[in-house]
Every structure is written in C-alpha cells, then in structure tokens.
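Participant: Sharing a structure, written as structure tokens. Questions coming.
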C-alpha cells in the first residue's frame, strides 16, 4: 500500500519525443508537488497543486505541463524532450492544513534519460 | 526561507550516535527547523521538526540552541541503513495552501561505517 507512487520508474527516450509521468497518492492529501533532481543532486520544486488548482510554477519551461485530474493524481507531461531534461523527477504530497507544520511525502522517483 | 549551512559530509561508526549540525543564523521567530533525508535512489523522507524545544521521535532527536541559530540532528544508534544525504530546512508554518515548497540545500552526506 504505497503512499505516493510514480510510473514509470525508468524512462529512456529520444530527444524531441513527448512523454508523461504519472503520480498517485492514497493519503487523502490535498496538495501535490513535482520536484526535479538533476545530475548534481540538487532537488528543486517545479509545480504544486492544491485540490487540482495550480499554485506554484517555478519558471519551468512551457514544455512541462502538469495535469491534475483529481486531487489524488498529478501527472507531468513533457513535450519535445531535450537532453537537459534528463533527471530524476519526484512527486510529493502533503495535507497542507493551514497554520500547521507541513510534512511532505515523496514518491520513489522517475529516472528520465533523454538520448 | 532562511538559509542553512551544513557540512558536506560526515562519517559515523555503526552503533554510535550520529550528530549532524546545521547553522541557520538568520532564522525568523516563526520558522521551524525541519530535517529530511534521502537514501540513495529513493525519494526524500521526513525525519523530524522543531521550533525551539528539543524534540524526539522514533527516528531521531533534534536539539535546537537557545538562540535558535543552530541545531543538531541526532541518530542515537546509527545503522548502515542510515547512510543517506541529510537536509536541514528552515521554513514557517503553512500559510497558503499548496504554496509550501521545500527548498533543499546540498545537505550532509552521512556514511555509516561498519
């Protein structure tokens, strides 16, 4: 009963292709996130959604489009993949209750390699 | 969010206490200290958080200095499975739903030695 799951775990593709990564959480959380961890291991926020509404968009190229069909899912679609998109992408979720300490739960990551 | 400073790497013998320091000299009064860790090839994992009092849970203890400018994460009996990168993060309570990004620094790479 994985709390935050991502598919696929590994993704190898050619430059210029379009690909999607899926994320699902069964924790009942209202907020979900996408983070990118590059080859130097820096982990940075990309997007956050609260109840299917986009909240954070950290100057990510337009080729990246998150989609949240419901609050348990946050998918990441990437158009026209570039070599620099190669990274590990982590999905996370949190209850995001106002005026509380916030804990984020991370998925296992999707390792994307663009050739 | 306040900036944190951590040593890039540390070693600790298996079974001993691992003490990971973090400096956050610009922390504001409403900001909490969080610790996460990332074991190789896994997603980050929440460990503990605190405001000004020392905290303990099943994973670790957190000691925050009286002036709150630094803290120490303590793993009381380190095991090989504790080998990971440990991140110290400072941020306030949730104010806006979904606007609560975690800003990860470079962390401390802790290696537990058999």
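The values are calculated or read from the model by the stated rules, or taken from the named source; none is laboratory data. As the structure is a computational prediction, the values presented were derived from the model and not from experiment. Note that each Cβ is placed from the backbone with ideal geometry, even for glycine, and that neighbours are counted across all protein chains shown.
Participant: Just one of A:45, A:21, A:55 is part of a strand (DSSP E or B), closer than 24 Å to residue B:103 by Cβ and more than 13 Å from the chain's Cα centre (by Cα); which is it?
Facilitator: On the way: A:45 fails: more than 13 Å from the chain's Cα centre (by Cα); A:21 fails: more than 13 Å from the chain's Cα centre (by Cα).
None of the others qualify; the one that does is A:55.
Participant: Restricting the search to the range A:96-115, which residues are on the phi > 0 side of the Ramachandran plot and modelled with pLDDT of 95 or more?
Facilitator: Once the filter is applied, which keeps residues that are on the phi > 0 side of the Ramachandran plot and modelled with pLDDT of 95 or more, the range A:96-115 yields only A:109.
Participant: Further question on the same structure: So how many residues does the range B:7-40 have that are over 21 Å from residue A:103 (Cα atoms) and within 14 Å of chain A (Cβ to nearest Cβ)?
Facilitator: 2
Participant: Here's a check for you: in the range A:12-36, which residue that is within 14 Å of residue A:111 (Cβ to Cβ) and surrounded by fewer than 19 Cβ atoms within 10 Å (Cβ to Cβ) is nearest to the other protein chains (Cβ to nearest Cβ)? Even if it seems obvious, please write down each step before you answer.
Facilitator: First, pick out the residues of the range A:12-36 that are within 14 Å of residue A:111 (Cβ to Cβ): A:12-13, A:19, A:21, A:35-36.
Filter once more, so that each one left must be surrounded by fewer than 19 Cβ atoms within 10 Å (Cβ to Cβ): A:12-13, A:19.
Details: A:12: 16, A:13: 20, A:19: 20 Å.
Among those that are within 14 Å of residue A:111 (Cβ to Cβ) and surrounded by fewer than 19 Cβ atoms within 10 Å (Cβ to Cβ), it is A:12.
Participant: Something else about it: Only one residue in A:39, A:93 is on the phi < 0 side of the Ramachandran plot, modelled with pLDDT of 90 or more and either surrounded by 17 or more Cβ atoms within 10 Å (Cβ to Cβ) or assigned to a loop (DSSP other than H, G, I, E, B) (or both), so which one is that? If you could, list the steps in order and put the result at the bottom.
Facilitator: Values: A:39 fails: modelled with pLDDT of 90 or more.
Sole residue among the options that is on the phi < 0 side of the Ramachandran plot, modelled with pLDDT of 90 or more and either surrounded by 17 or more Cβ atoms within 10 Å (Cβ to Cβ) or assigned to a loop (DSSP other than H, G, I, E, B) (or both): A:93.
Participant: If you don't mind, there's one more thing I want to ask. Filter the range B:73-91 down to the residues that are more than 22 Å from residue A:42 (Cα to Cα) and in contact with a strand residue (DSSP E or B) (Cβ under 6 Å, 6 or more places away or on another chain) and list them by number.
Facilitator: B:74, B:75, B:78, B:80 - these are the residues of the range B:73-91 that are more than 22 Å from residue A:42 (Cα to Cα) and in contact with a strand residue (DSSP E or B) (Cβ under 6 Å, 6 or more places away or on another chain).
Participant: So, one more: Residues that are surrounded by fewer than 12 Cβ atoms within 10 Å (Cβ to Cβ) and at pLDDT 95 or above: which strands (runs of 3 or more DSSP E) entirely in the range B:9-85 hold 1 or more of them?
Facilitator: Working: elements: B:9-13, B:18-23, B:31-38, B:45-50, B:61-64, B:70-75.
Once the strands (runs of 3 or more DSSP E) in the range B:9-85 are filtered for at least 1 residues that are surrounded by fewer than 12 Cβ atoms within 10 Å (Cβ to Cβ) and at pLDDT 95 or above, what remains is B:9-13.
Participant: While we're looking at this one, here's another question. Here is a list of conditions, (1) within 14 Å of another protein chain (Cβ to nearest Cβ); (2) assigned to a strand (DSSP E or B), and residue A:60 meets all of them except one; can you say which number that is?
Facilitator: For residue A:60, the exception is condition (2).
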